[in-house]
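J.: Dropping the structure in here first, questions after.
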Amino acid sequence: MTQTESLVSHFECYDCGATYNLEHTEFPCPECGGILDPKYDYDDIDVSREEVESRSGSMWKYRELLPILDTDDIVSMGEGNTPIVDCPELAEEMGVARVAIKDEGQNPTNTFKDRGASASISGASQQNIAEVAIPSAGNAGQAASAYTARAGIDCHVVLNYQSNDIQKTMVEAHGADLHLVDGKLDKAGGAFGELRDEHGWYTVATFQTPFRHEGKKTMGLEIFEQFDWDGPDEIFYPTGGGVGLIGIWKAYQELAKLGWLEDETPPSLHVAQSSGCAPVVEAIEDHREEHDAWECPESIGRGIEVPDPGASPWMLEAVYETGGTGVAVSDDEALEGALASARHAGVEMCVEPGAALAAAMQMAEEGKLDEDDEVLIINTGAGNKATGALSYAIE
Ligand SMILES: Cc1ncc(COP(=O)(O)O)c(C=O)c1O
Ligand SMILES: [Zn+2]
């Protein structure tokens, strides 16, 4: 065993505060059904931010702040370490000092889901699990299939028929067991719950496993490092279950605790959703602490078509504590956003991040961004995931 030097100490329930040791495999919290969150002994850190900067490679350069103890359990394909791409034309159009894109499309399966998959499958390996399961709109299932294939762990993926051909084909290409179910993510989630209970599957679903959002946290750690430990002023995130948003929020809080930030003002975290499914945006507009489930979700951005996101209190905490907002855009506007990125910056985006760029453009048009603002858009997935939808938008 080679130690990773991880500072992880235990899991703690975000909702009720119950604590569990790292061998605990019953997710979510058996006491209250809440989200289990890895906790760390930050006082014991003996690496400097300069030393972390000098490390190259994957998201595992932040191994002290990830919950894996033995390097043999790390399942990695070089995920993370994605570039910040400057977009001066977009900055000029939006009348702000800088627009940049964090290009998560450059991950192994072309989405930011690889970070969560790397961490959650490494977690499964640490917990000696031989079989995992995940419900997904498509991208997370594809990522989990890739990482389980690499780890030699069996994987069951529950998708609905609307997932695209790339996602369905690659799940099976990796040798995972694909279950296609009727209905949208909520129904797929219900079908998943039944299958999981019937087979006793270990879940790597959104905010079930405590390992997955830790992987997404590395996106935030990288952003702060790439912005010279300061951070941009505004971050626009295409929000479904909120794993990445909460990951960035947690990264900020950890770096603040470590004293690694040049400026302790957090970037404003803005939730971008589709006007066809905007439960979190609606909650922000009403200044609520929790969302109401969205009745009839309808968006072609399937990753953000999440009508009942269980982690909304945590997402709303991130938005309110950072002075962020919520913006809903139509599918057409999201497609225009994706095309604006492709045409003005060369960066290929699928529909969901297109919504994030469209939300930023909308706020700029409404005069809600300052001329000295540095704006970061999270490109959660590459354009090749959405060529069907994009082709309709090209005139
Ligand atoms: C491309 C893309 N963007 C954004 C999201 C939303 O992710 P999160 O759960 O972090 O809100 C997803 C989730 O499926 C996705 O596939
Ligand atoms: Zn609990």
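J.: Where does the longest stretch of the chain lie that holds no chymotrypsin sites (Phe, Trp or Tyr not before Pro) found in a DSSP loop with 15 or fewer other Cβ atoms within 10 Å? Display every interim value, and only then the final one.
T.: Numbers: sites that count: Tyr161, Trp229.
Longest site-free region, per DSSP loop and neighbour criteria: 230-395.
J.: Just add up the charged neighbours of Leu258: K/R +1, D/E -1, any other residue whose Cβ is under 10 Å from the Cβ of Leu258. Kindly include the intermediate steps, with their values, before the conclusion.
T.: Values: positive: Arg49, Lys257; negative: Asp43, Glu64, Glu254.
With Lys, Arg at +1 and Asp, Glu at -1, the neighbours total -1.
J.: Kindly identify the range 243-395 as rounded, prolate or oblate by the Cα gyration tensor criterion: order the square roots of the eigenvalues as a ≥ b ≥ c, call it rounded if a/c is under 1.5, otherwise compare a/b with b/c, prolate if a/b is larger, else oblate. Kindly include the intermediate steps, with their values, before the conclusion.
T.: Values: a/c = 1.79, a/b = 1.29, b/c = 1.39.
Judged from the Cα gyration tensor, the range 243-395 comes out oblate (a/c at least 1.5, b/c at or above a/b).
J.: OK, next. By the scheme Lys and Arg +1, Asp and Glu -1, what is the net charge of all other residues having a beta-carbon under 11 Å from that of Val75?
T.: On the way: positive: Arg150; negative: Asp72, Asp73, Glu79, Asp114.
Summing Lys/Arg as +1 and Asp/Glu as -1 gives -3.
J.: While we're looking at this one, here's another question. Between the range 11-52 and the range 152-204, how far is it from one alpha carbon centroid to the other, in angstrom?
T.: 27 Å
J.: So, with a 1.4 angstrom probe, what is the percent of accessible area on the chain that is carbon and sulfur?
T.: Working: 6460 of 15380 Å².
In the chain, the share of accessible area belonging to carbon and sulfur is 42 percent.
J.: A follow-up question, please. Starting from 0.36 nm per residue, how many nanometres of slack lie between Glu5 and Glu262 once their C-alpha separation is accounted for? Mind dumping the intermediate values first?
T.: Working: separation 257, 0.36 × 257 = 92.52 nm, distance 2.49 nm.
Full extension of this stretch gives 90.0 nm more.
J.: Continuing with the same structure: What is the local net charge at Gly301, summed over the other residues whose Cβ is closer than 14 Å to its Cβ (Lys, Arg +1; Asp, Glu -1)? List each step's numbers first, then the result.
T.: On the way: positive: Lys184, Arg302, Lys385; negative: Glu298, Glu305, Asp331, Asp332, Glu333, Glu336, Glu352.
That works out to -4.
J.: Then there's this: Over the chain, with the other protein chains present, what is the accessible area per residue in square angstrom, probe 1.4 angstrom? Present the calculation step by step, with values, prior to reporting the outcome.
T.: Numbers: 15380 Å² over 395 residues.
Accessible area per residue, the chain: 39 Å².
J.: Between the range 278-310 and the range 321-371, what's the alpha-carbon centroid distance in Å?
T.: If you average the Cα positions of each part, the centres end up 18 Å apart.
J.: Turning to a different aspect of this structure: Cα to Cα, under 21 Å, and not fewer than 8 places away if on the same chain: which lysines meet these conditions relative to Lys385?
T.: Candidates past the 8-residue exclusion: Lys102, Lys113, Lys168, Lys184, Lys216.
J.: If you stretched the chain out fully between Ile394 and Asp165, how much longer would it get, using 0.36 nm times the residue separation minus the C-alpha to C-alpha distance?
T.: Values: separation 229, 0.36 × 229 = 82.44 nm, distance 2.06 nm.
Additional length available on full extension: 80.4 nm.
J.: For Asp228 and Lys187, what does the FRET efficiency come to when R0 = 35 Å and r is the distance between their Cβ atoms, rounded to the nearest 0.05? Walk me through the numbers before you get to the answer.
T.: On the way: r = 45 Å, r/R0 = 1.30.
Calculated transfer efficiency: 0.15.
J.: Could I ask something else about it? Send over the semi-axes of the range 235-316's equivalent ellipsoid, whole angstrom and largest first, taken as the square roots of 5 times the C-alpha gyration tensor eigenvalues. Don't skip to the answer; put the middle values down first.
T.: Details: eigenvalues 140, 30, 21 Å².
Over the Cα atoms of the range 235-316, the ellipsoid semi-axes are 26, 12, 10 Å.
J.: Along Cα→Cβ, 7 Å out, is where each label goes; now give me the distance between the ones at Cys32 and Asp292 in nm to one decimal.
T.: Each label point is offset 7 Å from its Cα along the Cβ direction, giving 2.4 nm.
J.: Something else: Subtracting the Cα-Cα distance from 0.36 nm times the residue separation, let me have the gained length for Asp177 to Glu198 in nm, one decimal.
T.: Working: separation 21, 0.36 × 21 = 7.56 nm, distance 1.57 nm.
Length gained between Asp177 and Glu198: 6.0 nm.
The values are calculated or read from the model by the stated rules, or taken from the named source; none is laboratory data. Keep in mind that what you see is a predicted model, and the values were worked out from it rather than measured. In this analysis, Cβ positions are derived from the backbone assuming ideal geometry, glycine residues included, and neighbour counts consider all displayed protein chains. Only protein heavy atoms, including side chains, enter the accessible area calculation; ligands, DNA and RNA are left aside. Shrake-Rupley method; radii C 1.70, N 1.55, O 1.52, S 1.80 Å.
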